[in-house]
Amino acid sequence: MYRARRNQTAEVWVIGVPVRTSHPEEQRPVHHRPTLICVIAGLVTVVLAGCGGGSGTAAGQQQKGPAAASVPAQVLPSAPDPGSIRVPTGAPAASATAEPLPTGPTLELSPLDLWRRTAAVMADQKSASLTLDFRDEQGRAVHAESSVAGNGDCVGHVSAGGGQAQVIHVGMTPYLKGDAAFLTWAGERNGDADLLVTFSGRWLKGAPAQLGAYDIEEMCSLSTAVGNVTADFDGLKQERGPLTVAGRQVVSLTQTGDTSSVTLYVAASGPAVVVKAVRKGGTDVTTTFANLGRAVHAKAPAGTL
């Protein structure tokens, strides 16, 4: 959601004494987002299959007959239930760096060493509860909440355009059910609101449910959520603290480029986990992390299209 360029000073202590400077090449993290085109293609195929009464293929999955409206057997609560217990089966995430990590209390680390430790600790997380807050191209608020595991399992909900959508991922298979207002908001971004709104209140599966089309894919991708806030683009790093965020003592760690910045609020004691992250530049996004390591249970809903 942002691009950044490094400043020439690579590291600065909290007391403001420069440690070293360097002039590496610019690095620009680019986060590619799929468009809504794949969504509409999947929906049109489903509609054609239903009209023809025969079989068809949409998003790599075979349709065996006309889609019929049905009431889903599963309704998610207004917020993810982190108390659902099942051990995620995903493989452990790879460490963010092969170099030896710095040791010592968080508050005694240099900004660069704290960033390295935080990136490695977050890359090793197997699950988390996330919130995302940002504004779309028209300045309308978008809020997403989810519980997501590293193996892809995810349950959550999204508020956007005055509407709501429920989201489930079982492994790599996505499901989405939005109301008319949410699907109108989604369709307006690509001029296809009239088509999408016909599926309001019904569970969509596969391509039509891909969250990348709505710029909210990281709510159900732990690696994307972590990578977006811990990527090192060689910007100026500064820290201050301790501070208090969400009732926890944290260290504020900011990385600043020419056109963007990321501020991490890292636990001041214990593992260097991110409690909150604020990205500015391009689209401003605030992300929170909680319930790290807690199991996530996701079950496919009944009556999908």
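Of the candidates ALA298, ALA213, the single residue that is touching a Pro at 6+ places or on another chain (Cβ under 8 Å), over 21 Å from ASP124 (Cβ atoms) and not in a strand (DSSP E or B) is ALA213. Once segment 156-173 is narrowed to residues that are small (Gly, Ala, Ser) and under 17 Å from the mean Cα position of the chain (by Cα), the residue that is surrounded by the fewest Cβ atoms within 10 Å (Cβ to Cβ) is GLY171. It is to be established whether one or more residues within segment 214-229 are touching a residue at least 12 places away in the same chain (Cβ under 8 Å) and more than 14 Å from the chain's Cα centre (by Cα). So far as segment 214-229 goes, no, none of its residues is touching a residue at least 12 places away in the same chain (Cβ under 8 Å) and more than 14 Å from the chain's Cα centre (by Cα). Within segment 242-253, the only residue that satisfies the criterion of being buried (at least 18 other Cβ atoms within 10 Å of the Cβ) and among the hydroxyl-bearing types (Ser, Thr, Tyr) is SER252.
Please state which one of THR287, THR283 is outside any loop (DSSP other than H, G, I, E, B), among the β-branched types (Val, Ile, Thr) and touching a strand residue (DSSP E or B) at 6+ places or on another chain (Cβ under 8 Å). It is THR287.
Taking VAL278 as the residue in question, decide whether it is surrounded by fewer than 19 Cβ atoms within 10 Å (Cβ to Cβ) and under 22 Å from the mean Cα position of the chain (by Cα). In short, yes. Restricting attention to segment 132-169, the residues that are part of a strand (DSSP E or B) and closer than 14 Å to GLN210 by Cβ total 6.
When residues in segment 129-152 are screened for being touching a Lys or Arg at 6+ places or on another chain (Cβ under 8 Å) and touching a residue at least 24 places away in the same chain (Cβ under 8 Å), 7 of them pass. The sole residue among LEU132, LEU183, LEU176, LEU196 that is farther than 24 Å from ALA298 by Cα and hydrophobic (A, V, I, L, M, F, W, C) is LEU196. Do we find a residue being β-branched (Val, Ile, Thr), at pLDDT 95 or above and either within 19 Å of the chain's Cα centre (by Cα) or farther than 23 Å from VAL262 by Cβ (or both) anywhere in segment 174-195? No, segment 174-195 contains no residue that is β-branched (Val, Ile, Thr), at pLDDT 95 or above and either within 19 Å of the chain's Cα centre (by Cα) or farther than 23 Å from VAL262 by Cβ (or both).
The values are calculated or read from the model by the stated rules, or taken from the named source; none is laboratory data. Since the structure is predicted, the reported quantities are computational estimates derived from the model, not experimental observations. FYI the Cβ positions are ideal-geometry reconstructions off the backbone, even for glycines, and counts take in every protein chain you see.
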